[in-house]
1. I need every pair where a residue in the stretch 65-83 that is free of Cβ contacts under 8 Å to residues at least 40 places away in the same chain and surrounded by 17 or more Cβ atoms within 10 Å (Cβ to Cβ) has its Cβ under 6 Å from the Cβ of a residue that is among the aromatic types (Phe, Trp, Tyr) and assigned to a helix (DSSP H, G or I), sequence separation at least 6 or different chains.
2. Which of the residues that make up the stretch 149-168 are at pLDDT below 90 and either within 17 Å of the chain's Cα centre (by Cα) or more than 22 Å from His65 (Cα to Cα) (or both)?
3. Which count do you get for residues in the stretch 127-163 that are in a loop (DSSP other than H, G, I, E, B) and among the hydrophobic types (A, V, I, L, M, F, W, C)?
4. Considering each residue of the stretch 40-63, count those that are among the hydrophobic types (A, V, I, L, M, F, W, C) and over 17 Å from Gln121 (Cα atoms), and give that number.
5. So Lys103 passes all but one of these: (1) modelled with pLDDT under 75; (2) in a loop (DSSP other than H, G, I, E, B); (3) closer than 24 Å to Thr41 by Cα. Which condition number does it fail?
6. Could you list, in sequence order, all residues of the stretch 44-61 that are part of a helix (DSSP H, G or I) and either without any contact (Cβ under 8 Å) to a residue 60 or more places away in the chain or in contact with a strand residue (DSSP E or B) (Cβ under 6 Å, 6 or more places away or on another chain) (or both)?
7. Looking at Met146, Met95, which one is of a type in the set (A, V, I, L, M) and at pLDDT 95 or above?
Amino acid sequence: MAKEQNNWRVYINQQIQKIINIDVIIRNPQDRVISGINTFTQNVMRDNSELDATTVRWFAQNYLHLDRHYCPQFSWILNLARYLNADAKLNFLSMSNIDDIAKLHKKPPGICKVSEDLAEQFAQIKNNEMYQRIDTIIFNAIGQSMTFGQLLQFIKHNDTLAYEYVIGHAQQILAPTYVLP
């Protein structure tokens, strides 16, 4: 129903190559991780009552790409880039723009607010620092438009160490694409 109300179109894989402009909503990376792990933990606990919260949080904190709620935003953009036309522009928008695009954004029912102690624990995810730095660079690009190749150069220019760490780890994913510098 929402798809029809908003006149959305769903594009898959190779169809994405035809799109010239793509709006990408970027959330504050730290807020996203904290909220995402909290949502992930509560959803898993709701659906698997035999698990305890400490175990579920351990998996979330040790497996950065386990769930879409807290996976780095760059990982999502990287996946999208596999199908992008080299000239396609990514238009970075803030979360404040989401209601202009979709009236669907609301706090999930039954999700409790995370405590400050847990928020501090969530911020210490194993192997997450460099991804957070990349996501922060992208967050700071809100209001800008650039191709994926330009985004990679923007990241490299702003934080060479994070670029080398993250892109170096993503070499096998990027190798068959046109975007590898």
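The values are calculated or read from the model by the stated rules, or taken from the named source; none is laboratory data. Note that the coordinates shown come from a computational prediction; the quantities given were computed from them, not determined experimentally. Cβ: placed from backbone, ideal geometry, glycine included. Neighbour counts: every protein chain shown.
1. Listed pairs, sorted by first residue: Asp67/Phe40; His69/Phe40.
2. Val166, Ile167, listed by residue number.
3. We begin by selecting, within the stretch 127-163, every residue in a loop (DSSP other than H, G, I, E, B); these are 127-128, 140-144, 147, 159.
Restricting the remaining residues to those that are among the hydrophobic types (A, V, I, L, M, F, W, C) gives 141-142.
Residues flagged as in a loop (DSSP other than H, G, I, E, B) and among the hydrophobic types (A, V, I, L, M, F, W, C) within the stretch 127-163 amount to 2.
4. Here is the first cut: in the stretch 40-63, the residues among the hydrophobic types (A, V, I, L, M, F, W, C) are 40, 44-45, 51, 53, 56, 58-60.
When the remaining residues are screened for being over 17 Å from Gln121 (Cα atoms), the result is 44-45, 51.
Going through the stretch 40-63 one residue at a time, the tally reaches 3.
5. The single condition Lys103 does not satisfy is (3).
6. Val44, Met45, Asp47, Ala53, Thr54, Thr55, Val56, Trp58, Phe59 - these are the residues of the stretch 44-61 that are part of a helix (DSSP H, G or I) and either without any contact (Cβ under 8 Å) to a residue 60 or more places away in the chain or in contact with a strand residue (DSSP E or B) (Cβ under 6 Å, 6 or more places away or on another chain) (or both).
7. Values: Met95 fails: at pLDDT 95 or above.
Of the residues listed, the single one that is of a type in the set (A, V, I, L, M) and at pLDDT 95 or above is Met146.
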